[in-house]
Every structure is written in structure tokens, then in C-alpha cells.
Amino acid sequence: MREFVYYSKHARTSGNFDLNDLMKAGRMDIACQIAIMAFFLSHKIRQDVKLHMIFDGGPDPPKHLELYPGENIERQGERIDISKKDVAGLLKKMLYKYKKGMKNEIAPGYSIEKKSFERVIEELYEQGKEIYLMDDNGKDIRELKDKKIENAVFIIGDQDGLPSQKLKKLKRLGIKKISIGNKTYFASQVVTIIQNEIDRR
């Protein structure tokens, strides 16, 4: 199973945002596009992907949203539709369902809790995961061996990238930087290219 960690410095940490103006909700439009690219194929939803979204915007940061449709997608009775508005509705519901002091699973495979980016990465690191930070100056993903990326974790920042203190934390853990080429892509495009690279292998 491949995993993605998306960090957004400004994404709203409560459900009180307008579905018709996702940009004003701390660029929630980008978060929605990330979710679409993480899970959707033509007429199919990926079952081998888990997405961690860490929102650090107001009014109650941080929030960790974990999305893993997995095998539940056919039987949970609630599926994600492909439009940004539908995905935003799911994220909005997850944020509204947050309960202080606990990890709340709002539906099979969908949970929310108050947890920092640093702690999410630490837990993945402690699980022995192969973790990579997507960076224009990193090693080319095509130079990595298959076994290194098949079940890896890929960290992607929003339009502003990761704050310096979070980058320092990753450096202390020895997290390696990788790239998908010498062009700078949108965050959601990065997800798509990584997916394609692993799919082709």
C-alpha cells in the first residue's frame, strides 16, 4: 500500500467553510484535488492508497484527516464522488465530526483527530515505512528500486511548501528527498505522476 501525506498551512480546521468558495477556505480546493488524484481512476477507486491530510489553518489546528477507502469502498454505503464539491463535502463532514481527545472514525476508512504533521511522520517512521519528501532538488524517483517505492510514503506540501521547522524535523529523521523531474508541478499533479510511476512498474 502506498501512502501520501499532504500538508496545508492554511486549510480550514473546522467545517464552517463555503463549498462554493474553496479557495477562501485556506485553499481547500487543492486538498480536494489531492484526494481526487490519490483515489480515482476511470470508473474505479484505488484500494491500495491511504491519504493523510494535515491542516494547520484556523481556527483549531492541527487536524489530521486519514482517508483509506480500501476494501470498504463497495460496502460502506457512502462513496466519494469525483467532483471537487463532493470531496469538499466529505472533508467538511469529517471536520465537523471531530471529537476532542480522540481519533473519530466517521465511516469505515475515514477518521479525524488532532495530531501534528511532525507526529504523523514520527508514527510512520516508527512503523518502519520508507518515507520520501517530494522536492525539486531531490533524487529522481526513477533511480529508486521497485521495493523502495511500492509501499512508500510520499510527503507533499501545499502551494507554499513545508515550513522550515518541519523540514528540519524531516532532516533529523533522515527523510530523503526525491523528485519527479526538473519541472515544478501542482501538488495534485505530483500525486498523479507518482501513481503512474508505481503503476507502470
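The values are calculated or read from the model by the stated rules, or taken from the named source; none is laboratory data. Keep in mind that this is a model prediction, so the values were computed, not measured. Please note: Cβ atoms are built from the backbone with ideal geometry, for glycine as well, and neighbour counts cover all protein chains shown.
Just a few scattered comments:
- Residue list for segment 89-105, restricted to those being surrounded by 17 or more Cβ atoms within 10 Å (Cβ to Cβ) and either more than 21 Å from P59 (Cα to Cα) or at pLDDT 95 or above (or both): L91, K92, M94, L95, Y98
- The residues of segment 148-162 that are farther than 20 Å from N196 by Cα, surrounded by fewer than 19 Cβ atoms within 10 Å (Cβ to Cβ) and either among the charged types (D, E, K, R) or at pLDDT 95 or above (or both) amount to a single one, D160.
- Count of residues meeting criterion [in contact with a helix residue (DSSP H, G or I) (Cβ under 6 Å, 6 or more places away or on another chain) and touching a residue at least 24 places away in the same chain (Cβ under 8 Å)] in segment 16-29: 5
- Of the listed requirements (1) of a type in the set (D, E); (2) closer than 17 Å to E3 by Cβ; (3) more than 16 Å from the chain's Cα centre (by Cα), E66 misses just one: (3).
- Residues in segment 130-147 that are surrounded by 14 or more Cβ atoms within 10 Å (Cβ to Cβ) and within 19 Å of the chain's Cα centre (by Cα): E130, I131, Y132, L133, M134, D135, I141.
- Number of positions in segment 164-190 that are closer than 22 Å to K145 by Cβ, in contact with a Leu (Cβ under 9 Å, 6 or more places away or on another chain) and aliphatic (A, V, I, L, M): 3
- Condition broken by L133, with the remaining ones in (1) of a type in the set (A, V, I, L, M); (2) more than 25 Å from I30 (Cβ to Cβ); (3) at pLDDT 95 or above satisfied: (2)
- All strands (runs of 3 or more DSSP E) inside segment 104-198 with 3 or more residues being touching a residue at least 60 places away in the same chain (Cβ under 8 Å) and in contact with a helix residue (DSSP H, G or I) (Cβ under 6 Å, 6 or more places away or on another chain): 153-157
- Members of segment 30-44 found to be in contact (Cβ under 8 Å) with a residue 60 or more places away in the chain and either buried (at least 23 other Cβ atoms within 10 Å of the Cβ) or in contact with a Leu (Cβ under 9 Å, 6 or more places away or on another chain) (or both), listed by number: I30, A31, I34, A38
- If you go through segment 125-164 and keep only what is closer than 18 Å to V49 by Cβ, of a type in the set (D, E, K, R) and in contact with a strand residue (DSSP E or B) (Cβ under 8 Å, 6 or more places away or on another chain), you end up with K129, E130, E150.
- Candidates G138, G101 - the one that is closer than 19 Å to K168 by Cβ and of a type outside the set (A, V, I, L, M): G138
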